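Chemist: Below are the structure tokens for one structure; questions will follow.
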Amino acid sequence: MAELDRVLGGGIVAGASVLVGGEPGIGKSTLMLQMAAQMRSRAVLYVTGEESVRQIRLRADRLGVSNPGLEILAEHELERITRLISPGKVGDAAPYQIVVVDSIQTIASPEAGTIPGTPNQIKYTTFEIAESAREHGIAVFFVAHVTKEGSIAGPRTIEHMVDTVLYFEQSDDDTRYLRASKNRFGSTDEIGLFTMQPRGLVQITDPNNVFLVRRAGSLPPGVVVAPVIEGSRVLLVEVQALTVPAKGGISRVFSDRLDSRRVSRMAAVLEKHLGLHFNDHDIYVNVAGGMRIRDVGVELPLALALYSARTDRPFPPGTTVAGEVSLAGEIRPVAQMARRARTASEVGFARCLGPGSVRQGESGTPVNWKGVGSLEEAVQAVFGRTSNG
């Protein structure tokens, strides 16, 4: 599974422990079962504490996956699990190369109390299984449930005990995002993209078909296309902004896909350097496709989307932008600007607006790249002239 390998840092490391967290029903068990079914050259043990063996078999039949080397164990007791995954004699090879525990909150040991799912139980059982797996070179995956706010204490308390922490997120549609918040064997910037289908999780090979909205005519005001860096690839996403008069005289910012502090900062820079007032308007910001963006290169697209929404002037089609905006209104270089411009050109964008220079150590200037030095220059290059609001 290329998308899972990407997030893991290239693949599964022997002896590594991986925590897979996410909301209930988001697809963690489906992902683990599909992964286990593809390990045909490995002995895999799937420990289920929530479902029966028959239920797992029915799910495998529905997904259309099978693996003769995959064994299913319905078990809650820690000691039985550790005995099963450990070699029978000193010097013997481990009976399994990969173990999936679904979920760790259902495993219990008398040594840590009688109730499964408590923080002490989760920490104790995770430590015992992870240590046994590390000693015998077994890669183990722990599935854990968290709420949207990540407020359940159990999974959060074991993040320091594992090598890799993966979190499954869901957009407003069937798209799933797999991110690494911790990875001893790779980058935490990579993202895996899946879509949930009746036959299970399907890897998204062309992300631009998910995040880009194809329109026949001009863009509506407040919409800007931005090439952002997520891990090792460039994704073209649509940044959407909307401003409306504030009710009660108190302006607010609504943004869950981009950091609301970044939105407020861009609004303040526009007000300071272009005289565009937002203090009496509510600001709504969204990213089409539902993906959270952390790349600093989204600041210039965000600022231009806010300008477009506030002045009701549509962004010209065929143009994409990227760049960091300083508090002084300057456009600063961002990583891999030339690569962003080339990717935008391959998708069909005739012009890419960005900083006037590249970062030190980078080279290459695509023909479709137009450099600007300030936010005011960027507005003039796109809209022709500035307009106060």
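The values are calculated or read from the model by the stated rules, or taken from the named source; none is laboratory data. Everything numeric in this text was worked out from a predicted model, so none of it was measured. Cβ coordinates were reconstructed from backbone atoms using ideal geometry, including for glycine residues, and neighbour counts include every protein chain displayed.
Chemist: Determine if region 211-223 includes at least one residue that is touching a residue at least 24 places away in the same chain (Cβ under 8 Å), assigned to a strand (DSSP E or B) and crowded, with 20+ Cβ neighbours inside 10 Å.
Modeler: Within region 211-223 (the criterion being touching a residue at least 24 places away in the same chain (Cβ under 8 Å), assigned to a strand (DSSP E or B) and crowded, with 20+ Cβ neighbours inside 10 Å), the answer is yes, since at least one residue qualifies.
Chemist: Then there is this: Give just the number: which of (1) touching a residue at least 60 places away in the same chain (Cβ under 8 Å); (2) more than 27 Å from the chain's Cα centre (by Cα) does Ile229 not satisfy?
Modeler: Here Ile229 clears every test but (2).
Chemist: Here is a follow-up. Give the residue that is farthest from the chain's Cα centre (by Cα), with candidates limited to residues of region 311-337 that are among the aliphatic types (A, V, I, L, M) and surrounded by fewer than 17 Cβ atoms within 10 Å (Cβ to Cβ).
Modeler: Ala328
Chemist: Go through (1) part of a helix (DSSP H, G or I); (2) more than 13 Å from Ala268 (Cα to Cα) and name the single condition Val334 misses.
Modeler: It fails just one condition, (1).
Chemist: Consider Val90 carefully, then state whether it is assigned by TED's automatic domain parsing to the domain that holds Ala130 and at pLDDT 95 or above.
Modeler: Considered against the rule, which asks whether it is assigned by TED's automatic domain parsing to the domain that holds Ala130 and at pLDDT 95 or above, Val90 comes out as no.
Chemist: Out of Gly113, Gly186, report the one residue that is touching a residue at least 60 places away in the same chain (Cβ under 8 Å) and surrounded by fewer than 19 Cβ atoms within 10 Å (Cβ to Cβ). Walk me through it before giving the result.
Modeler: On the way: Gly113 fails: touching a residue at least 60 places away in the same chain (Cβ under 8 Å).
So the residue among Gly113, Gly186 that is touching a residue at least 60 places away in the same chain (Cβ under 8 Å) and surrounded by fewer than 19 Cβ atoms within 10 Å (Cβ to Cβ) is Gly186.
Chemist: Here's a follow-up. Looking only at region 172-183, decide whether some residue is of a type in the set (Asp, Glu) and touching a residue at least 40 places away in the same chain (Cβ under 8 Å).
Modeler: Scanning region 172-183 turns up at least one residue that is of a type in the set (Asp, Glu) and touching a residue at least 40 places away in the same chain (Cβ under 8 Å).
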